[in-house]
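Let me begin by presenting the structure, written as C-alpha cells, before commenting on it.
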Amino acid sequence: MELRPIRLLTLLLLVLFVSGVSSGQEKSVKPGINDTFRNPKPEEFVERFEIESREVFQQRENILEACQIKPGQTVADIGAGTGLFTRMFSDAVGDEGRVIAVDIAQEFLDHVKLTSHQRGQKNVETQLCTPESTELPDDSIDVAFICDTYHHFEFPLKTMASLRRALKPGGRVIVIDFRRIPGKTKDWTLNHVRAGQEVFESEIVESGFLKTREVNDFLVENYFVEFTKSATPGLKSPLYPIIAGHGGVVAVPNATEKPRSGAKLLLDATAAAPAGSIHKSLDRAARLLNLYGVAGLKASDVKIVVVLHGEATKSVLNDEFYQARFGVEQNPNLSLIKLLQDAGVEVFVCGQALNYKAFPESAVAKGISVAESALSVIANRQMDGYGYLPLH
C-alpha cells in the first residue's frame, strides 16, 4: 500500500505542557522524512492515494462515521494532501460548519480549493503552514484529523503543543497511522515509520491530551485513536469509552476496587428532571458503562436494567407528545436511551405510572418496553440475581 503524501505539520515555540514542565525538542526525530513532499504534483498523488488498494481510502466511509463529526463544527484536516477527507468533512459539518485543509505544500492546497469549488463546497478553507507554525488561530477548531501523517512529524512534541493551542476547550484529535509490529508489519512500514502506536500515544499524552477512544473494528494496517484536549493542568478530562458524550469518567489506575465482569444491576429511577434536560439516572447508567470501559471491559461484561416511574416517567415520551406537553421541541433523553440500548441496557417504563400521569402508551417512544409495573420489574430482576440501585 502506498503512503499518502504527508506534509510537515508546523511547530510553534515551546509551551507549557499539562505537567507544567517546559519541553524542548531541538532535533528532528527523523530528519529528511518530508523532503520528497516538496513541490508535489497533486494529480500524481491522486492516482497513488485515492485508490481501493489503500486501506484508508477503502475504509473512508467507516472512518468518517467513526470520527463522529457534527454539523456546525470546525474541523482541521492536518496534512490534507489531495483533500479526500477535507471534502468528506465538508459534507459532514454542513453549511454552518467549516473545514480547514492544512498543508505545507501550496500545490496541494490549490488542488483542494479547485476540487472543493467544483463540488460547490463553500465551507472549505485552506491554510498554508510553515516548518514553524500551523498558522491556525488559538481556540479555533473543534476537531483535528491526522491521517497517516503523525509519523511524518519531525518535532512531534512541539507539533502537538501547537495543535493543542488551536483546539477549543474539550477539542478532539483523531489520529490514524500505520501499525508497526516487528514480525507482522511489512518491511516498508518498519523502515519508514519510526515508532509504533504506544510511542506515538505517549508523545501525544505528554503534549497535553488524554486518550479517550480507540476504534478497532474495521482497520487492519492502521489504527484509529482519539484524544481530547485536557481542560486544566492536573485535572483529568472525562472519558467516554462506551457511551459517547454521556456519563464521563476518569481513569484511576491505582484504585483498589474496580468493576468486575458478570455484574447484574437494576437501576430504579423515580426522581424528577426539568423538561428539556437529560435524566440523571440515564446519565448514571452511561457512567456505569463507561466505568467498565475504562477498566478495560466491554458493555457485554455487565447487565444493566433501568426502570423509570414516578416523575421519571416523562423521560420516555416521544418527541411529538413531549413537545405538546412540555413545550420543548425534542425529548433529549431519547438519543441517550438509544445509545444505552445499543450497548445492551434494557429500559422499561412503569405502565401504572403512565396511567397515573395521563400518558397514553402510544406516547411512549418506539423501542421502549412498557412493564406492567415498576414493582414487577424490581421483583422479577431481584429474583434473577440483580443488585438493586435506587436512584430517587
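Measuring nothing but how far apart in sequence close Cα pairs (under 8 Å, 6+ apart) lie, relative to its length, the chain scores a relative contact order of 13 percent. Given R0 = 41 Å, the distance between the Cβ atoms of residue 184 and residue 138 translates into a calculated FRET efficiency of 0.50. Full extension of the segment from residue 324 to residue 168, taken as 0.36 nm per residue of separation minus the current Cα-Cα distance, would add 52.5 nm. Full extension of the chain between residue 91 and residue 335 yields a length gain of 85.6 nm, computed as 0.36 nm times the residue separation minus the alpha carbon distance. Taking every alpha-carbon pair under 8 Å whose residues sit at least 6 apart, the stretch 263-391 reaches a relative contact order of 34 percent. Of the trypsin sites (Lys or Arg not before Pro) found in the stretch 73-162, the ones in coil according to DSSP and having at most 13 other Cβ atoms within 10 Å of their Cβ are 119, 122. Net length available on complete extension from residue 252 to residue 28 is 77.2 nm, with 0.36 nm assigned per residue and the Cα-Cα distance removed. Rounded to the nearest 20 debye, the dipole size of the chain about its Cα centre is 900 debye, using +1 on the Cβ of Lys and Arg and -1 on the Cβ of Asp and Glu. Compared with the dominant principal axis of the Cα atoms in the chain, helix 374-383 is inclined by about 80°. Between residue 260 and residue 110, the simple spin-label model (points 7 angstrom out along Cα→Cβ) gives 6.7 nm. Along the charge dipole of the stretch 263-391, which of 290, 378, 322 sits closest to the positive end, that is, farthest toward it, with unit charges on the beta carbon of Lys, Arg, Asp and Glu (+1, +1, -1, -1)? Highest projection toward the positive end goes to 290.
Across the options 227, 84, 31, the greatest Cα extent toward the positive end of the charge dipole of the chain (unit charges at beta carbon of Lys, Arg, Asp, Glu) belongs to 227. One compactness figure for the stretch 263-391 is 1.01, namely its Cα radius of gyration divided by 2.2 N^0.38 Å.
Counting only DSSP H runs of at least 4 residues, each contributing -39500 (n - 2.57), and dividing by the residue count of the chain, the helix-based mean residue ellipticity at 222 nm comes to -8500 deg cm²/dmol.
No value in this document is a laboratory result; all are computed from the given coordinates. For clarity, every value in this text was computed on a predicted model and none was experimentally measured. A quick note on method: Cβ atoms are made from the backbone with ideal geometry, for glycine too, and the neighbour counts reach across all protein chains shown.
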